[in-house]
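The values are calculated or read from the model by the stated rules, or taken from the named source; none is laboratory data. Keep in mind that this is a model prediction, so the values were computed, not measured. Quick reminder, even Gly has a Cβ in these numbers, built from the backbone with ideal geometry, and neighbours come from all protein chains shown. Note: areas computed on protein heavy atoms with side chains; ligands, DNA, RNA excluded. Shrake-Rupley method; radii C 1.70, N 1.55, O 1.52, S 1.80 Å.
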Amino acid sequence: NPPCEEAWQTSVWQREEAALIADEGEDAYMAGLELSSDATAVNFKGRSLHPLYANLRNRPTKVKTSSYDTVAYFAHIKRPRTMPKPSFRMVKLRYMHAALQLILRPLIHLGWFGQEMLDPTGVCRRVYPRLLAVIADMKEKWELMCL
């Protein structure tokens, strides 16, 4: 395949969407979901929190959105001096996994069953979000991977 600017131009995306339309009808619509993390810490009652943002990407149309909504805040966890680094890494990994599972559970449900929404032109469609990308700086990627 030639290089694509957008995910919905790929053959995998087009096959999945064709199958979805065949199963659910012409009003079914796959939408790309981007998650983003930023090192910009928010100070809340003395706690340093890192935001997790989400953006439901539009297909190229006359109306295009690029705003990110805040989905969650992650607390920065500091390692106790008495805890060895490998043990702390496992605790942090379990925390991140459980938190992401809790946060993404509704999105996973929507990916399976869809949600009726108005598209930018005002037409009601059943939207099935698919995780398109996780955008973060190296520091945030390391945090998400618990390195």
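Brief remarks on what is shown
- Among residues of region 9-23 that are under 16 Å from R57 (Cβ atoms), those with a Cβ under 9 angstrom from a residue that is polar (S, T, N, Q) and open to solvent by 80 Å² or more (accessible area, probe 1.4 Å), sequence gap 6+ or separate chain, pair up as Q9/N1; T10/N1.
- Among (1) among the aromatic types (F, W, Y); (2) more than 30 Å from D27 (Cα to Cα); (3) assigned to a helix (DSSP H, G or I); (4) within 19 Å of the chain's Cα centre (by Cα), the one test that F88 misses: (4)
- Number of the exception - N55 against (1) at pLDDT 80 or above; (2) touching a Ser or Thr at 6+ places or on another chain (Cβ under 8 Å); (3) more than 25 Å from V12 (Cα to Cα): (3)
- Qualifying positions in region 100-136 - part of a loop (DSSP other than H, G, I, E, B) and more than 13 Å from M30 (Cα to Cα): P120, T121, G122, V123, A136
- If only residues of region 12-43 that are among the acidic types (D, E) and under 16 Å from D119 (Cα atoms) are counted, the one that is most open to solvent (accessible area, probe 1.4 Å) is E26.
- Residue match in region 66-84 (condition: at pLDDT 85 or above, within 20 Å of V123 (Cβ to Cβ) and either of a type in the set (D, E, K, R) or open to solvent by 50 Å² or more (accessible area, probe 1.4 Å) (or both)): no
- Region 111-131, residues that are under 25 Å from L49 (Cβ atoms) and open to solvent by less than 60 Å² (accessible area, probe 1.4 Å): P129
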